[in-house]
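Colleague: I have a structure I would like to understand better, so I am pasting it below and will then ask my questions one at a time.
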Amino acid sequence: MRGYIPLSILLASALVLAGCKREERELRPSPPASEVVNETQVSGLNPGANPLPTPPTPAMYEESAYAVSEGKRLFNQYNCSGCHANGGGGIGPPLMDNYWVYGSQPQNIFTTIVEGRPNGMPSFRNRIPQYQVWEIAAYVRSMSGLLPKDVAPSRSDQLYVRPPEQSMPKQTPVGVTGEPQK
Amino acid sequence: MNMALSEQIVIPQGNAELRLARTWAQPRGFWGWFMNVHHTAIGVRFMVTSFIFFLLGGVLAAMMRLQLSRPENGVLGPDLYNQVFTVHGSTMIFLFAVPMMFQGFGVYLVPLICGTRNIAFPRLNAFSYYLYVVGGLLLWVGLLLKTGADAGWFSYVPLSGPEFTPGKRSDFWAQMITFTEVSALGVAICIATTILRQRAPGMTLNRMPIILWEKLVISMAVIFAMPAVMVVSSMLLMDRTINTQFFNPSVGGDVLLYQHLFWFFGHPEVYIIFLPGTAIVSTLVPVFTRRHIFGYIPIVTSVVATAFLGFGVWVHHMFATGLPQMSESFFTAASLMIVVPTAVQFYCWLATIWHGRLQLKLPMLWVFGFFFVFLIGGLSGVMLASVPVDWQVHDTFFVVAHFHYVLIGGALFPMFGGLYFWIPKITGRMMNDFLGKLHFWLFFIGFNVTFFTMHFLGLRGMPRRVYTYTPEMHWGGLNMLASGGALIMVAGVIVFLVNFFQSRATGRLAGPNPWAAGSLEWAVPSPPPHYNFLELPTVNGREAVWDALPNQPIVTGVRDDIPEVLVTNSLDSEPQHKDELPGPSIWPFLTSIAVSIAFIWSIFSSWGIAYGAIPVVITLIGWLWPRGHSPAPRLETRMEGTWTR
Amino acid sequence: MDSVRQRPVLDVSDLPSVAFGRSNTTWLANVFYMMIEGTMFALLFASYFYLRTRTSSWPPIQAPPNVGYGIANGIVFLLSLIPARYAQKVAPTGNRGKIQLALAGLAVFAIVNMVLRGFELANLNCRWYENAYGSIVWSLIGLHTGHLITEFLETATLLGVSFTPKMEGTRLADVAINSDYWYFVVVSAVLVDFLIYGTTRFL
Amino acid sequence: MNPIPPISGLGSAVALFLAQFTGEHNSLHPAGPQASDIEWLYWVIFWIIFVAFILMITGFARAAARNRTQAAEMLPIMSDPEGDRRATWAVSSAVAITVLTLFAVLFMSVITGKKVEGRTSTNPITIQITGHQWWWEVQYPSPQADQTITTANEIHIPVGRPVVILTSSADVIHSFWAPSVNGKRDLLPGYSSAFWIQIDKPGTYPGRCAEFCGLQHAHMGFSIIAEDDNTFKQWEQQQLKPAADPADPEAAHGKQVFATHACIMCHTIRGTDAGSRMGPDLTHLGSRQMIAAETLPNTRGALAGWIIDPQRIKPGNHMAPNLLEPDDLQALITYLQTLQ
């Protein structure tokens, strides 16, 4: 019997140490020291041998259910639906399919939001704080099933228009630079 | 009794004791622990586990008092505070109060007081215990993994719903509900069947000790109340995982549906917690006033009435939602009406003490604590029943004060009284009297300092469930006082723990009946052997031991080579047949593991419940598949081993 | 060494060790179980009517469920009372052949019920995620289907036991109790059918 | 030794103790007829249960003092017909008195409830309150859209006139509670309800959210400002105006900062391009006494702290931190303070 006690304590502490990133709630994001927008890379192609160093992927936003749900709230409140219509597309392209014009990586989406894109996507530089852009980017990815199902949001208190993000089948990204940069 | 009592019968002893001990033996060792199905073992486990949850919930309470002791305190942030108060409430209600007061005391005491050898359906009973533990672990491991439920112990939608509680926090809470309620329902079936079918011959309904009446009534309340919370927590879980729309107002869902269903459970729940307390009081008062209780029939009627009325008052938790005036008046009337049966019980206890010969021993001291504390809580309940006053004090610290007076007064004080009373039976050793009195006074004073203060805070406008407040509100002084009182309470509980461990090791031996009490559990050794009664008793009055004839008959003819009990009928407990109870088994444990896997899996994937059902079915078949003795010979009219000559 | 003592006793050695009907403890537990499940159904019925008050038409946007399979299943449920009653009658006799026949009949009925239930689900004209009406309808029929499957498994297990020598004593009583529970499944099926197919047409 | 310190210490302790019972956020300091009715009922029930408490405790104390015994093996009294007879009489009369008292409480409660809900008017002022996580949107609806006043967290009403409050919620359940004015009323998503308030004495009456609504439930205050008819009319006229264009250059710079930073994503200032309804309407921010749902005073310093790091003050609230250059921040605050 005694042998089991240290074992279970070990197991329990391993669980706790691994922590639960899904439930992490960063309520007071530290203000970024400087904008890193220009470091993100839109194209997967590089001249020369060494690709530019990519900035650290903000995994904390993609792994936290709270951050993704904040992204969902901001997506609606900043009226992204005005053009992208709940992800189905309208004036802007649909976001719940597998086709990514400017890349499916969080950095790509970040750049799209901050810099804007030709043909109508406005630039939100200075208008949306950087951490919120990452949250929105994480949410946008959840719309095509690119986030784990236990992190993606469930249904909203709205009319039913499409399956909630947690029920979206995973869409393998294709598109101009849709392939993940590894 | 239609069975003729034989005259003078020769009863051989000694070997019977050995045979019974062998027949009813429970396995030992690591796996034996998971196979044990005897009610004394499971009852003690319920008590110990729920007491541990009580201590853990108390730690959370202390954290909250620390955070609130000063304005703008920074010990706990809002995220952690919300998890702490939610887990505190859920732990105290679902993991402590009901498992301790109903399951713990009930499972341990009911078969003993009935005069039988084990609870009906001992494997279901053990299964219920394991499910309860898993439910508790789910909530607490969740808290440690930052997945602590954070929408309040009531988890109102839409706050707890899919949009406003991202992640898995509310799902863990909802599944914890399922685990604990399935456990309570299982035990309710065991206890009610034991009371209705396994009472000793002669213990007619009219002679049933009040504690059995209350356990029966509570079992019925559990059976009708717990389904409501299971339905509503399942609705919440389905809203969150498979996108049902029960609580989404934009497509016909309704947020008040949640509140109606939740409080349809929630108010009877209060009585499920409080009635076991009065059961203990009604048991202790006659023992320590040395007379039969006054008003047996009014008390029993009151208990039944309380349980009935408890189902008719749920809306008084919703007065602030803006209901039609007609229904407000109706539920005010119902809520005031429920005062009457409780008042009747109070008057009967008072009359018993008045006309008895009081011995103010330690358990009785706690009963007097109950009288004082619960009286305050009950009287402030009269204020809450009145709709206009409720509009003011609802969801403030006044209500926090009220329900701590009711629940700590109605459950915790009787519980400590009951523990001091029955621990000598459980461990065989007496508790230390001085430490017990120290415990009482620390707890009593600390409790009143903490919670009486909260009445003033509530009237001064402090809402519940705030993680902090600004200094301009002038709530700092009273909060500091309340936090100081909490420290004294903590000291009291530590004294109890010291007392328990010390007396368990070195306490005076108790003997079978240290209090000269009257019910049947005092007719067996302390601690009771696994067969409980060497000779199955018959009963001649409400206090079986006091009222026993000088030569009270015993029951013979129940086999001692298989675990057999006597089944009697519900009304006048006439022997009807004999029933073999199942013995130790690992299957209840394995089934509980399979059920836990299915339930927890369903939080993460809606297919979990489908795939998870397969091992559940396999283990259930393993559990129910018949094996062991062939009962066929028992169909014969007379067997060897009968002591009648 | 046995000590010897004299006192009056109540001798119960003549009493049987198996009881059928109401004095059986499992029968009583089964009644409690039906009370629990009945409360669940009752609360879902109440929720159904409560949600009805929150919209102007019922069903709100969908067509009412197609009634055909519901009626067919209801008739099969009522017919299945025959093997259930038969099982209850032959159980106390201990006649293994008859018990096997009754249980097998009941199991076959349960299978037909489950198949028809599948067609019912395909013809509800609503999905659980569309609106609150869909959610409550699917919950009602889902809870009942759960009972149906459980009851089928129990019948099948008892049928399995009836091919072993263990089918005697309390197991015979279990066969009778199983039929009680089947009655409960049939009664709740009729009520659920009435709500799903009936009330949507006039409520 | 000097005797004064202990005395003054005691004095200040008493003063501190008494301070715990003061303040306007208090159900027992009514400022209007509804709260007064409830306070009356509260005290009536209080004295009833106080008497009941004294009687019961006296009874238990006397019962405990009679016939005490410590004899260990005292044999139980087996039969006591005389005691039972007297107890039956006493218990029955006590139950009868209890029932009658409860009827009295029920009667007074129902009467008071009718009185509280019955103070209506045919020509009331109507205010629509919408609960948001974690602030209050206040609207004075009008048939003409441009006559509708929208503000946040501060409710101005004229003294002595009945006001009807219409409730609704934008997200979760909140509860509107100003204890010195009336009891609380839940704001439920999917429901709207109405209730009445009236204040008879000019002044500022605080209120709070009383239903747990998430992370910042603790910091969700509002205040009701009761003023005489003229002052109220002036306030109304002022609120109807769009924001004035800033006159001095610093404020003009501040307006530009507002328009080019995150502020414009969430807030409305009527008369400018800012029109988002996500956060409180700031058109007349300068005229409010408090900011952040009654968490901070409306001062330069508090505004600066709030704009730069709102998550320190109300962790989890929906306002983003803003990294502004000191000049920009000063200009922005100057601009906001011109919004009278």
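Throughout, read-outs are computed from the coordinates displayed, never taken from laboratory work. If you're wondering where the values come from, they're calculated on a predicted model, not measured in any experiment. Neighbour counts run over all protein chains shown; Cβ positions are idealised from the backbone, glycine included.
Colleague: Report the net charge of residues surrounding B:Cys190, where surrounding means a beta-carbon distance below 12 angstrom and charges are Lys +1, Arg +1, Asp -1, Glu -1.
Modeller: Result for the neighbourhood of B:Cys190: +3.
Colleague: Kindly write out, for the range B:177-190 in residue order, the coupling ³J(HN,Hα) from the Karplus curve 6.51 cos²θ - 1.76 cosθ + 1.60 (θ = phi - 60°), rounded to whole Hz, with x marking Gly and Pro.
Modeller: 4, 4, 4, 5, 6, 4, 4, 5, 5, x, 5, 4, 5, 4
Colleague: State which helices in chain C qualify, where a helix is a whole DSSP H run, it must extend 24 Å or more along its own axis by its Cα atoms, and its mean Kyte-Doolittle hydropathy must be at least 0.0.
Modeller: Span-like helices here: C:25-52, C:96-122, C:132-162, C:170-193.
Colleague: Can you give the net charge of the other residues whose Cβ lies under 10 Å from the Cβ of B:Asn248, counting K and R as +1 and D and E as -1?
Modeller: Value of the local net charge: -3.
Colleague: A follow-up question, please. Other chains near B:190-197: what is the mean number of their Cβ atoms within 10 Å of each residue's Cβ?
Modeller: 3
Colleague: Please label the shape of the range B:249-374 as rounded, prolate or oblate, based on the square roots a ≥ b ≥ c of the eigenvalues of the alpha-carbon gyration tensor (a/c under 1.5 means rounded; beyond that, a/b larger than b/c means prolate, else oblate).
Modeller: prolate
Colleague: Separate question: Most exposed first by the Cβ proxy, i.e. fewest other Cβ within 10 Å, how do D:Lys241, B:Lys146 rank? The partial results should precede the final answer.
Modeller: Values: D:Lys241 12, B:Lys146 20.
Result, fewest neighbours first: D:Lys241, B:Lys146.
Colleague: Which residues in the range B:374-415 have a backbone N closer than 17 Å to a point placed 7 Å from the Cα of D:Trp47 along the Cα-to-Cβ line?
Modeller: Counting only backbone N, you get B:383.
Colleague: Only Cα pairs under 8 Å and at least 6 apart count here; give the relative contact order of chain C as a rounded whole percent.
Modeller: It rounds to 35 percent for chain C.
Colleague: For a test of the definition: using alpha carbon positions, the gyration tensor, and the 1.5 limit on a/c, classify the range A:57-182 as rounded, prolate or oblate.
Modeller: rounded
Colleague: Right, next: What does the charge add up to near B:Tyr467, with Lys and Arg as +1, Asp and Glu as -1, over the other residues with Cβ less than 13 Å from its Cβ?
Modeller: +2
Colleague: Take the range C:1-136, drop everything but the C-alpha atoms, weight them equally and run the Debye formula without solvent; then report log10 I(q)/I(0) at 0.10, 0.13, 0.16 Å⁻¹ to two decimals.
Modeller: The calculated log intensity ratios at q = 0.10, 0.13, 0.16 Å⁻¹ are -0.60, -0.85, -1.07.
Colleague: Shifting gears a bit: From Cα pairs below 8 angstrom and at least 6 apart in sequence, can you work out the relative contact order of chain B, rounded to a whole percent? Show your work: numbers first, answer last.
Modeller: Details: 1094 pairs, mean separation 129.8, N = 645.
It comes to 20 percent, rounded to a whole number.
Colleague: Just tell me how shielded B:218-226 is by partners: mean number of partner chain Cβ atoms within 10 Å of each residue's Cβ, no decimals.
Modeller: Working: counts 0, 1, 2, 0, 2, 6, 6, 1, 3.
Average per residue, whole number: 2.
Colleague: With the contact rule set at Cα under 8 Å and sequence spacing of 6 or more, what percent relative contact order holds for the range C:112-190? Please report the intermediate quantities before stating the final value.
Modeller: Values: 26 pairs, mean separation 22.0, N = 79.
Computed value for the range C:112-190: 28 percent relative contact order.
Colleague: With 26 Å as the limit, write out which pairs from B:Lys215/B:Lys425; D:Lys184/D:Lys241; D:Lys233/D:Lys314 have Cα-Cα distances beyond it, or answer none.
Modeller: D:Lys184/D:Lys241; D:Lys233/D:Lys314
Colleague: Determine the shielding of peptide C:123-132 by partner chains: average, over its residues, the number of Cβ atoms on other chains within 10 angstrom of each Cβ.
Modeller: Rounded to a whole number, the mean comes out at 5.
Colleague: Compute the separation of the alpha-carbon centres of the range B:384-414 and the range B:305-371 and state it in Å as a whole number.
Modeller: 12
Colleague: Here's a follow-up. Arranged from highest to lowest average of other beta-carbon atoms within 10 Å per residue, in what order do the peptides B:161-168, D:311-318 appear? It would help to have the intermediate numbers written out before the result.
Modeller: On the way: B:161-168: 24.4, D:311-318: 18.9.
The densest-packed peptide leads the list: B:161-168, D:311-318.
Colleague: Over what distance in Å are the Cα centres of the range C:134-199 and the range D:179-233 separated?
Modeller: First find each Cα centre; the distance between them is then 54 Å.
Colleague: Follow-up question, since we're still on this one. Spin-label point model (7 Å from Cα, Cβ direction): what's the B:Ile52 to B:Asn206 distance in nm?
Modeller: If labels sit at B:Ile52 and B:Asn206, their model points lie 4.7 nm apart.
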